[in-house]
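First the structure, in the form of structure tokens, and then the observations on it.
All of the numbers you see were taken from the coordinates with simple rules; none came from a lab. Note that the structure is a prediction, hence the values are computed from the model and not measured. Every residue, glycine among them, receives a Cβ derived from its backbone with ideal geometry; neighbour counts consider all protein chains shown.
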Amino acid sequence: MTDAAPPAYQGPQRVFSGMQPTNGLHLGNYLGALQKFVRLQDQYDCIYCIVDLHAITVGPDPKELTNRCREVAAAYIAAGVDPKKSIVFIQSAVREHTELTWVFNCVARMGWLERMTQFKDKAGKHAERSSVGLFDYPVLQAADILLYKATHVPVGEDQKQHLELSRDIAQKFNNDYGRADFFPLPEPLIQGPGARIMSLRDGSKKMSKSDPSDMTRINMTDDEATILSKIKKATTDPLPVPEAEEGLKGRAEVENLVGIFAAVTERSVADVLAEYGGKGFGVFKPALAEALAAKLSPIAGEMRRLTGDPGALDAILKDGAERARAIAGPIMAEVRDVVGFWRA
């Protein structure tokens, strides 16, 4: 005998996702997330957050945090997120995020969090010296999603475990309080081609804004000359570009560059190999750099325009926060009632 499946959630189909305002955004953020954000606007009600509460788990400079938030908001909009169609806001402007996190802290179990591989990776050998916030990060992430009763979350491979935790917390809350369909169990929207962009210097490592070397990544604000320089110096090998996908096996750096070319030109890997297979990287790399510059230059220009007018950007974020609170406030009020908190 098996447990009956929980009833299907009857609320609106809603997407939630966010980015941390730490360091700068890079090609992996654009191809792996921002492009997806733009496309999802035509299918779902979308809420896109700049997660500054998460950012302070790694101790950013308080003087820079606000500007970093504006930069991420500018990237969203420059990439094509429409702030009139989607909600774009800064996480700390909606205080219900932290309130729901406390409720979920009393639902989640220590063993669940201790299994989170990202904490182990970030904390390393000194977990006992890490902040409680870093350990509790996935619970705040669950609150981010479920505060809006989001039904779908675009995720990469490294976030699937955290989304599974969000589902576990939602299910346990529903069970504990006898409200079988109060929170939906959010479904992953797995990223498409180009989601996992690797370092330009090491094909075994994901492209990261935390890497100390700027040469490992293409920043969204890099100019054409910088892009060309970084791609020319990207690690490859002495062999030419393979003519078929099987030839990419065991050539992680080459596979990464071909995958970037395919993603940025919205072509298949097979199509890219059909054009460049058998040619040397002296031909392939300049073509890749040109394609990257053509894609990123207009976005970088629009980001500069937006960040150059912080008042206008702040007005967009203020409007987004008000719209987010209009959703989060009533849901959090429901949570208080379900939990049994006193209300005047």
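Computed quantities for the displayed model
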read-out: For the range 245-252, 3J(HN,Hα) per residue [Karplus equation, 6.51 cos²θ - 1.76 cosθ + 1.60, θ = phi - 60°, Hz, x = Gly/Pro]; value: 4, 4, x, 7, 4, x, 10, 4
read-out: Student exercise, the range 271-327 dipole from Lys, Arg, Asp, Glu Cβ charges, in Debye to nearest 20; value: 120 debye
read-out: Charge dipole of the range 210-344 about the Cα centre (unit charges at C-beta), most positive-ward option of Ile227, Trp342, Ala274; value: Trp342
read-out: Stokes-Einstein diffusion coefficient of the range 54-146, Kirkwood radius over Cα pairs, 20 °C, 1.002 mPa s, in µm²/s; value: 141 µm²/s
read-out: Out-of-range pairs (alpha-carbon distance over 31 Å; input Lys84/Lys232; Lys85/Lys205; Lys84/Lys209; Lys84/Lys285); value: Lys84/Lys232; Lys85/Lys205; Lys84/Lys285
read-out: Projected label distance in nm at Ala252 and Asp223, using a 7 Å step from Cα toward the beta-carbon; value: 3.4 nm
read-out: Two-site FRET efficiency, Lys172 against Ser268, from Cβ-Cβ distance with R₀ of 56 Å, rounded to 0.05; value: 0.85
read-out: Theoretical gain in end-to-end length, Glu243 to Gln10 [0.36 nm per residue, Cα-Cα removed]; value: 79.0 nm
read-out: Cα centroid separation, the range 49-90 to the range 137-151 (Å); value: 17 Å
read-out: Glu187 long-range amide H proximity, modeled H, under 5 Å; value: His152, Val153
read-out: Derived scalar couplings ³J(HN,Hα) [the range 77-93; Karplus, 6.51 cos²θ - 1.76 cosθ + 1.60; whole Hz; x for Gly, Pro]; value: 5, 4, 6, x, 5, 8, x, 7, 8, 9, 9, 10, 7, 9, 3, 5, 6
read-out: Long pairs among Lys63/Lys295; Lys172/Lys206; Lys206/Lys230; Lys63/Lys149; Lys36/Lys172; Lys160/Lys318, criterion Cα-Cα beyond 22 Å; value: Lys63/Lys295; Lys172/Lys206; Lys63/Lys149; Lys36/Lys172; Lys160/Lys318
read-out: The range 221-304 - Rg over Rh from alpha carbon coordinates, Kirkwood radius; value: 0.99
read-out: Simple Cβ-charge dipole of the range 221-304, Lys/Arg +1 and Asp/Glu -1, about Cα centre, in debye nearest 20; value: 240 debye
read-out: At 1.567 mPa s and 4 °C, Stokes diffusion of the chain via Kirkwood alpha-carbon radius, µm² per second; value: 60 µm²/s
read-out: Among Ser86, Ile218, Ala287 - extreme Cα towards positive end, dipole of the chain, charges at beta-carbon; value: Ile218
read-out: Binned Cα-Cα distance frequencies in the range 264-344 - 5 Å width, integer %; value: 3, 11, 11, 11, 8, 8, 8, 9, 9, 8, 6, 4, 3, 1, 0
read-out: Förster-model FRET efficiency, 22 Å R0, Asp61 and Glu187, C-beta, rounded to 0.05; value: 0.05
read-out: Test item: Cα-centred dipole of the chain, Lys/Arg +1 and Asp/Glu -1 on Cβ, debye; value: 400 debye
